[in-house]
Every structure is written in structure tokens, then in C-alpha cells.
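The values are calculated or read from the model by the stated rules, or taken from the named source; none is laboratory data. Worth saying up front: this structure is predicted, and the values here are computed from it rather than measured. Because the Cβ atoms are built from the backbone with ideal geometry, glycine has one as well, and the counts that use them run over all protein chains shown.
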């Protein structure tokens, strides 16, 4: 099995990220044994032409640090974005208030630590679940949906741990996607399945929290997945930012009082 390809690019920053890697000293050998560093101009003799020659989506992870402050840095960031795969993680924690926020912070830290070393969504889910079980907090768990996006093939590989499945609209119709799994942090030694999905240009992919579908009006009625689907179908051909705005506009028409957090993440396939 080939090693995952990794790229580093330094924009306008202090250089601390590069120093952190170099400070590993001989430990950096463990890094290069685990991954194939295909671009790191601050430390190795790589050229832009080397990246140009790579296939789109062939880099597992591209680390870009610092602010983009000139046209060349923007060009390199866009180039690396095209050459790298993308992992999208969308989730929620049980409960509300300070305790839930702290548990969410723990989950965020684990995700940032574990995701770069695990290429597959199911593998990442298992690692996150194991880490939460080791730090088990009673009555706390995480729902999470992880999507691995390959821009070269337009394929998405999904794994789910109790989260709402993505709503995918193609040509004005909602596609039925079945991807399930046990929430993270509840049960030990869980396995998670991966579901591939072949996207096509024009697809609208909507991730949303239960605060959207559970949104309640004065009459006590839920907003529901059905009404959300109507809005997505009606605006699916618009840019992602306009589709997102349309969803929140309709939520406000239904009720302006929110009882839970409301999060929407929209991707349009080009």
C-alpha cells in the first residue's frame, strides 16, 4: 500500500509550523516513513512545476499556514486545493451549555489530531470512538458525519456516527442516501461502514444540524426534513451561499425563535 502524500506551503506566517516539524530532529524519520512529502519548498528542493504535474486529488493532505498576502500565494493555495483531497466533518455533541461546549472542544481537538493520519472516514471514526471511550464521560456522546471528497473523480466516501445524513439534490430531485452508524463515545470497539457516492456537476450537497429540522413554530409544529427538502429543490441550482441564505430565510418565515443551534453547510459540485 502506497504512503499518503502530504504537502506543506508557507505563506505569510512566523514559520512556527515548519519549525515544529524540524524540531522533531531524528523523529522526523518516523514522519517520512509514514507519509510521502511531495511538496515542502521551505525545507526541500520542490518546484511549482512538480505540483502542476501531479494528478488532481492525488495529495491526501495539504497544510497551508499563514495569511495569503499576494497573488502568487493565492495561486499556490488554489493549486494545492485542487491537487489535494478534502475531508469534511460535520457533527454535534449531546446536551447543551458549558458541559456540552467542553465536550465539543475535546472532540474538536481529537479530530484535528487524528484526521491527518487517517485517510479513510471509517478508520477516522474508529480512532475517534476509541479516543472518546478512553476519556468516557457519562451521558455524553458525539454524532458525526465524515465525507472524504476527491476532486479528481468527483467521488465522496461517507461514514456516519448517528448524524443526520447529507441531503443531496440533483436536477431538482432529492437522492436517497443511506449511511448509518452508532454515535461516538457510547460503545467500545465499534466498526463504521463507508458508503461511496458518485457526484456529478451541479449536485447540491447539504449538511445540517437537527436544530434545523426540529425548529418549532408557535403552533408547536416542527420545520421538518420535508420543508427543508422543498427549499433545497427550489434553490438547488443557485450558488452555495444563496442556497444557504434561502434556507435561513425560510426558517425565519417559519419562526424567528430558535430553540437550538442551527448549522447548515452547503457544497456545490462543479
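A few comments on the model shown:
- One residue from 184, 207 being touching a residue at least 12 places away in the same chain (Cβ under 8 Å), closer than 28 Å to residue 123 by Cβ, in the same structural domain as residue 107 (by TED's automatic domain parsing) and out of contact with any helix residue (DSSP H, G or I) (no Cβ under 9 Å at 6 or more places or on another chain): 207
- Taking segment 113-129 as the range and being in contact with a helix residue (DSSP H, G or I) (Cβ under 7 Å, 6 or more places away or on another chain) and crowded, with 21+ Cβ neighbours inside 10 Å as the test, the residues that pass are 124, 128.
- Hits in segment 80-102 (condition: surrounded by fewer than 19 Cβ atoms within 10 Å (Cβ to Cβ) and in a helix (DSSP H, G or I)): 81, 82, 97, 98, 99, 100, 101, 102
- When segment 146-166 is limited to residues that are within 14 Å of residue 93 (Cβ to Cβ) and out of contact with any helix residue (DSSP H, G or I) (no Cβ under 6 Å at 6 or more places or on another chain), the one that is surrounded by the most Cβ atoms within 10 Å (Cβ to Cβ) turns out to be 163.
- Residue 18 surrounded by 15 or more Cβ atoms within 10 Å (Cβ to Cβ) and modelled with pLDDT under 75: yes
- Condition broken by residue 132, with the remaining ones in (1) part of a helix (DSSP H, G or I); (2) closer than 23 Å to residue 155 by Cβ; (3) modelled with pLDDT of 85 or more satisfied: (2)
- Close pairs (8 angstrom Cβ cut-off, 6 or more residues apart or separate chains): over 24 Å from residue 35 (Cβ atoms) and outside the structural domain of residue 119 (by TED's automatic domain parsing) in segment 62-79, modelled with pLDDT of 80 or more and not in a strand (DSSP E or B) anywhere: 68/74; 68/77
- Residue 132 vs. criteria within 16 Å of the chain's Cα centre (by Cα), buried (at least 20 other Cβ atoms within 10 Å of the Cβ) and assigned by TED's automatic domain parsing to the domain that holds residue 259: no
- Considering each residue of segment 145-156 in turn, at least one proves to be at positive phi and outside any strand (DSSP E or B).
- Breaking point among (1) modelled with pLDDT under 90; (2) within 21 Å of residue 94 (Cβ to Cβ); (3) in contact with a helix residue (DSSP H, G or I) (Cβ under 7 Å, 6 or more places away or on another chain), for residue 138: (3)
- Residues of segment 21-33 satisfying the condition of being out of contact with any strand residue (DSSP E or B) (no Cβ under 9 Å at 6 or more places or on another chain) and either at pLDDT 70 or above or not in a loop (DSSP other than H, G, I, E, B) (or both): 22, 25, 26, 27, 28, 29, 30, 32, 33
- Filtered residue count, segment 163-176, keeping only those that are part of a strand (DSSP E or B) and closer than 14 Å to residue 147 by Cα: 2
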